[in-house]
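Only one structure is covered here, and it is reproduced in the block below.
Values quoted throughout were computed directly from the atomic coordinates according to the rules given, and no laboratory measurement underlies them. Being a predicted model, the structure only gives us computed values, none of them experimental.
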């Protein structure tokens, strides 16, 4: 599913949604993609989410075809964007077997991940990163919510798993933090102890959140 914003994203809206106060740079999503004043279109991005096979098909896929379908319980949360997304059904990896071990082939479609002879291939996100990753600050950003282990869904062209990040501080650092090594380390430490900086004009204040 691809979502293209047709109107700028206000900074206040981002901050209210994030539920935290932070120094926010001007993001690509804040540009009006189809309006005047943009020198070039925003870079294309790919977002792939695996929910550990925890989605009920009847609550996701509409019963009707065409643009006038009734929103299902899962899609209700996207009601405001229904004209900007498309739902595909009937897709599958017929040779991907092995129960939960199939997660390794979620973005690769490599057959029989539960077998002793399994060999993985490049994942879709890395395939895309090789082609469009040069236009963004981070070519790819594999994430995982597991507290132990590393169930990354990303694999390079040799089928080797690429480590996924589960630290919010490290994700923030990769997306927003710049400067020399000392400045980076200071900001990461601020994140670790739960402090955020908000700039007001030429001054800045630290707030505990």
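Normalised Debye scattering of the stretch 108-193 at q = 0.21, 0.22 Å⁻¹ gives log10 I(q)/I(0) of -1.05, -1.10, counting only Cα atoms as equal scatterers and leaving out solvent.
Pair-distance distribution of the stretch 124-167: all C-alpha pairs, bin width 10 Å, starting at 0; shares per bin in whole percent are 29, 49, 21, 1.
Length, then width, then depth: along the principal axes, the Cα atoms of the stretch 56-201 run 53, 45, 31 Å.
Evaluating kT/(6 pi eta Rh) at 25 °C and 0.890 mPa s, with the Kirkwood radius of the stretch 65-136 over Cα pairs in the Stokes-Einstein relation, gives 162 µm² s⁻¹.
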